[in-house]
Amino acid sequence: MSGSAIARGAVIILVATTAGCERSPSAPDPDVSPSCEPVLLDAGESAMVRGGDARLICVLAPPGGGEHIAVVTLGRTKPVELTVLREDIVSLSEGPFSESLRGAGAGRAFEVEDAATAETFDSEAASAHAPHHSGWSLHARVRKLERAQLTPRIDPAGVAPLGMRTGPRSATLTEGDVLTLNVSTELEQTCEDGTYRVGRVEAVSERAIVVSDPLNPDGGFGAEDFHGFAAAFDTLVAPLAEEYFGEPTDLDGNGRVILLFTREVNRHVDEMSGGFSPGFFFARDLFPRTPVPGGRLGACPHSNEAEVLYLLVPDPEGEIDGIVREREAVERIMLSVLIHEYQHLINAGRRLHGPQGREWPERVWLDEALSHMAEELLFYRASGLEPGGNIGFPALQAAGPQALEAFERHQRFNLVRFHQFLQAPGANSPFNPEAEDALATRGAAWSFLRYAADRVDGPEASFLGSLVESPITGFDNLASAVGGVETLQDWLGDWHTANLVDERIGGIAQHHRHASWNFPSLFEALRNLSPQPLPVVSINPGEEQVHRITGGGSAYLFFLLGFRGDEGSILEFTQSGANPPEALRVSIVRTR
């Protein structure tokens, strides 16, 4: 057990002190007298119980009674069904429950659903309740395509055929030149076929070559816009991304990234939601076109063999897909799209062309979390604010119009995605294997990565850069960066707890706070977002509940102690009648 509270008192023996508590069939023999260390908390204190130790948790009632939350979190495991049974520890000296105490707990800090009427969220229910939002169907499709069709072209024993960037190189193109590029994203055209455009070079800067598709609709970006994107990439996007995530490759030897504005991005709309992807990076372009003897990467004849970011274009008449996209609206999101996709490019390049033995590709949830972190870093750089500032809406207002504009452009949708996750934390998680690219997964993964970046020792750039440089991927990669699997699963439990109690409960420990963001304040300021979206369910004496929780997900159980003549409660957690999984973390928090 760990936490900010110290368990007080002797070990409780669960015999005659429990009322009507029938042990589950696989529970220890009653004659053995199962026991558990008591937990007694002051307001704001907490205690974490791990794995099999959470089979029986004895929470003692504080003098005068108190409100408690059990935050039940699963770490690295498949979805499981947990059975939770609550039984009161009954005092033999106290009289019957007083009618005058029936209102105890009124004015509590949380809205609590009655367990009998609370809705059980599963993945299908969660998606049904999720608001439609800018989708990532093309983005997900490209990642799936890369895994299926590019991974077989990798020889783990081979050496990287092309080196990393070693310094600025001369551009071979100038404004007005033409450049032929494969813009295909079709499943059957990864390396065997292509759709080519002869694009016009619109701007050349120190770090970027901006190219436009000749088939783009009229009324879109002009010369001033293209030069502005190139300048912003040079001075803001590229330096920031490379500071935190590392140097890119330079396959075409010009020291620049091609920013390709093409209608092919607009073409891909999710027919179910109407969502769209504002841009993408395609790892196909980091493969050589012709075989390299002894090389790690097999040939991909229709690779562009260059660093290319594919970007949405304005469509004022809805010519491409029937959806009107005004120039100003597309321009507002473009820098966030650039840094998001540039992180993907850097990450893939360092894995494909870095030292031998690096796994590729990175798991989608972690790759996306890093790219959403890149968007957040862009907000800080553009606003003048810093991580760790517990930023709420009043702080944004005080920082002035520039900070508010930066929030709207670069950070707002990180919060919207996170809010979507909070509505169904049992069905979603930061690394949900059933929906790695879902918006709720993205929101959770970004928030947890931000929480971890605030908590680790050392510079934030070193922590994030280590995730890109790591030879391993996914959960193991993140666990290694924070100190191991056990630490990561503890932090996951602390993060789920912070999602509920931060800014709402006084006296809580620092590891139950979000250091960088005051989420309730921002949710309240953003339209149509509940300040407290988490489903908190009450569990009553003698009640048994079943909670299905995905790996990385959580459930929140509310209970009152000391108002009914009880001396506390026993919480029993089982999986199919046996001990709960070792990945389980139960954080008991006294909220009042």
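The values are calculated or read from the model by the stated rules, or taken from the named source; none is laboratory data. A quick note: this is a predicted structure, and the numbers were derived from the prediction, not measured. Cβ placement follows ideal geometry from the backbone for every residue including glycine, while neighbour counts extend to all protein chains displayed.
Summary of computed values
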{"quantity": "Qualifying residue in region 545-567 (condition: surrounded by 19 or more Cβ atoms within 10 Å (Cβ to Cβ), more than 17 Å from the chain's Cα centre (by Cα) and either free of Cβ contacts under 8 Å to residues at least 40 places away in the same chain or in a helix (DSSP H, G or I) (or both))", "calculated": "no"}
{"quantity": "Residue in region 363-373 that is more than 21 Å from the chain's Cα centre (by Cα), in a loop (DSSP other than H, G, I, E, B), in contact (Cβ under 8 Å) with a residue 60 or more places away in the chain and surrounded by 15 or more Cβ atoms within 10 Å (Cβ to Cβ) present", "calculated": "no"}
{"quantity": "Members of region 182-212 found to be in a strand (DSSP E or B) and under 16 Å from residue 254 (Cα atoms), listed by number", "calculated": "201, 203, 204, 208, 209, 210, 211"}
{"quantity": "Considering residues of region 526-550 that are touching a Pro at 6+ places or on another chain (Cβ under 7 Å) and at pLDDT below 95 only, the residue farthest from residue 60 (Cα to Cα)", "calculated": "531"}
{"quantity": "Answer residue from region 453-469, given it is free of Cβ contacts under 8 Å to residues at least 40 places away in the same chain and not aromatic (Phe, Trp, Tyr) and is nearest to residue 415 (Cα to Cα) among those", "calculated": "456"}
{"quantity": "Filter result for the condition that a residue is of a type in the set (A, V, I, L, M), surrounded by 21 or more Cβ atoms within 10 Å (Cβ to Cβ) and outside any helix (DSSP H, G or I), over 505, 472", "calculated": "505"}
{"quantity": "Scan of region 227-255 for residues that are touching a Leu at 6+ places or on another chain (Cβ under 9 Å) and either basic (Lys, Arg) or farther than 15 Å from residue 377 by Cα (or both), ordered by number", "calculated": "229, 230, 248, 249, 250, 251, 254"}
{"quantity": "Test: residue in region 426-433 that is more than 11 Å from the chain's Cα centre (by Cα), closer than 24 Å to residue 481 by Cα and not small (Gly, Ala, Ser)", "calculated": "yes"}
{"quantity": "Residue tally, condition surrounded by 22 or more Cβ atoms within 10 Å (Cβ to Cβ) and under 16 Å from residue 208 (Cα atoms), over region 305-333", "calculated": "5"}
{"quantity": "Cross-chain or 6+ apart pairs with Cβ under 7 Å, region 142-156 first and at pLDDT below 85 and surrounded by 14 or more Cβ atoms within 10 Å (Cβ to Cβ), then among the β-branched types (Val, Ile, Thr) and in a helix (DSSP H, G or I)", "calculated": "143/364"}
